[in-house]
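The values are calculated or read from the model by the stated rules, or taken from the named source; none is laboratory data. Everything numeric here is computed off the predicted structure, so don't read it as measured data. Glycine gets a Cβ as well: all are built from the backbone with ideal geometry, and neighbour counts include every protein chain shown.
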Amino acid sequence: MRRRIAAALLAALLLTGCAPAAEPAAEPAEPAGEPVYMALTFDDGPSPAWTPRLLEGLSRRGARATFFLVGSQIEGREDLVRRIRQEGHQIGSHSFSHRALTELSTADALADLEKCDRVLRQVLGEVAVDKAVTGLLAAGERPRAPGMKYRHYAPHAPVTVVTGEPERSARRIQGLLSDTAGVICFDEYAPLFPGHIIHKLGPAADKSAQARHVFDALRTFDGTDVTEIFAQCPDDGGLGLAVANRLKKAAGFHLIDADRPLIVGLTGGTGAGKTSALAALEDLGGTVLDCDAVYHQMLRTDPALREAITAAFGPVFCPDGSLDRQKLGTLVFSDHAALDRLNAIVYEYLPPELLRRAQGHTLVGLDAISLMESGLGRLCACTVAVLAPAEDRVRRIMARDGISEDYARLRISAQPSDAFYRERCSHILENNCATPAQFREQARIFFRSMLREIEHL
């Protein structure tokens with residue numbers, strides 16, 4: 001019986017041709033072996049010319065199919081849509097506009113799918129819509145049907161595709177890898193992932209090689225202990241479009257854009273271990289911007305900033321162009337209003353420069369003592385306060401700066417309390433380690449976990 005159904009389905013395929021449907025030929029001798037199953041689908045309808053003929057042919061053969069309908073084709077053909085369902089066939093969404101969804105933004109693609117969903121509901125009433133059709137799947141979720149989100153070529157482990165310039169995408173992956181992650185990467189970046197199972201796509205510039213290797217790459221990890229996969233993605237030029245399309249579909253469109261800088265703000269009191277934490281961020285492929293250093297460079301080179309300070313406080317720059325720090329300090333440190341005015345000027349000019357310098361980097365650590373007080377935290381995807389016990393901080397400051405214990409305690413007392421940071425920062429990194437090396441390793445683990453949280457991994 002199953003073989004007869006398969007033969008009928010094959011005959012039904014012929015109905016898509018231009019010739020009138022013919023009766024199927026006598027059944028061939030049944031081949032030995034396991035039964036053969038077929039899934040029959042028809043796209044792009046409903047068609048007033050072809051859909052009725054398909055339905056008639058399927059009905060004669062007792063076969064069922066899936067019709068993937070285009071939402072914009074349904075108006076005026078509602079009765080035909082209802083007939084498809086009434087005769088026992090499945091109906092699926094083929095989007096509303098039939099545009100290539102990979103050429104749309106995620107928001108526009110989801111809006112297009114949702115519009116088709118609304119049209120189908122108006123005609124059919126309540127319909128079952130898998131979450132994979134209208135949004136990203138949560139961790140551990142899978143589409144209910146193999147074709148949902150086109151994951152029929154996907155490996156068993158979930159895939160995350162990282163787009164962007166190859167060096168940046170490789171660095172972003174480097175910062176996200178768990179111990180059980182696999183990597184699909186361009187040949188030249190494989191050395192960045194020691195200890196991980198890797199499938200190389202080919203050189204970053206060789207899209208023909210990538211097209212040859214992409215399907216093998218997606219299956220390499222089945223049967224291994226890999227629990228997640230990160231894939232570099234070529235740009236959309238030439239064959240790269242097909243490779244990128246296949247990778248994105250296998251990932252259920254879970255994408256990370258490495259060309260968009262991810263800015264992490266770091267703050268905390270002196271002696272807490274911020275230097276080691278910043279080094280850990282660099283270990284994960286990050287770039288550190290020292291806000292104080294950037295500001296002092298701007299004081300020497302940025303005409304607009306210099307003019308704004310001069311207009312507010314008079315001639316505070318020396319003939320050689322350097323800032324007369326003592327003169328400016330005398331003006332602002334005895335006058336709260338003047339200090340607020342200076343800070344307002346600084347934080348008008350500093351953020352745009354920091355954002356400019358962040359461009360071209362995938363992960364940026366913003367080093368700022370006054371991160372939260374200044375408003376620079378608003379530039380950041382997350383803010384991290386590095387905290388440590390007061391006695392440890394005193395000991396570190398004394399050893400580092402060669403100062404007395406009393407002076408070290410005075411410096412700490414003049415800075416915000418731990419409670420200040422706990423109330424204002426999104427993340428807290430505690431330093432209870434005996435050595436900077438131990439804390440650096442702890443910080444690497446912390447940042448990797450935090451980055452995965454931000455990327456919803």
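Details
- Residue pairs meeting the criteria (Cβ under 7 Å; at least 6 apart or on separate chains; first within 24 Å of D179 (Cα to Cα) and in contact (Cβ under 8 Å) with a residue 60 or more places away in the chain, in segment 207-230; second among the aromatic types (F, W, Y) and part of a loop (DSSP other than H, G, I, E, B)): I229/F221
- Residue within segment 307-317 that is among the acidic types (D, E), surrounded by 13 or more Cβ atoms within 10 Å (Cβ to Cβ) and at pLDDT 90 or above present: no
Table: residues versus (1) modelled with pLDDT of 90 or more; (2) touching a strand residue (DSSP E or B) at 6+ places or on another chain (Cβ under 9 Å).
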| position | (1), (2) |
| --- | --- |
| V183 | yes, yes |
| D187 | yes, yes |
| I198 | yes, yes |
| Q210 | yes, no |
| D222 | no, no |
| G238 | no, no |
| R246 | no, no |
| I263 | yes, yes |
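- Conditions (1) modelled with pLDDT of 70 or more; (2) surrounded by 14 or more Cβ atoms within 10 Å (Cβ to Cβ): number failed by K131: (1)
- Tally of residues being over 21 Å from the mean Cα position of the chain (by Cα) and within 24 Å of F446 (Cα to Cα) across segment 203-231: 1
- When V214 is tested against (1) among the β-branched types (V, I, T); (2) part of a helix (DSSP H, G or I); (3) farther than 19 Å from G237 by Cβ, exactly one condition is not met: (3).
- Residue count, segment 168-202 (criterion: under 19 Å from D216 (Cα atoms), of a type outside the set (A, V, I, L, M, F, W, C) and under 19 Å from the mean Cα position of the chain (by Cα)): 1
- Meets criteria (in contact (Cβ under 8 Å) with a residue 24 or more places away in the chain, in contact with a helix residue (DSSP H, G or I) (Cβ under 9 Å, 6 or more places away or on another chain), surrounded by fewer than 16 Cβ atoms within 10 Å (Cβ to Cβ) and of a type in the set (K, R)) for R424: yes
- For segment 423-446, a residue qualifies if it is over 18 Å from D392 (Cα atoms) and of a type in the set (A, V, I, L, M, F, W, C), and the qualifying residues are C425, I445, F446.
- Near pairs, Cβ below 7 angstrom, 6+ apart or cross-chain, from segment 402-413 (over 10 Å from A390 (Cα atoms) and in the same structural domain as P389 (by TED's automatic domain parsing)) to any residue that is of a type outside the set (F, W, Y) and not in a helix (DSSP H, G or I): R411/T270
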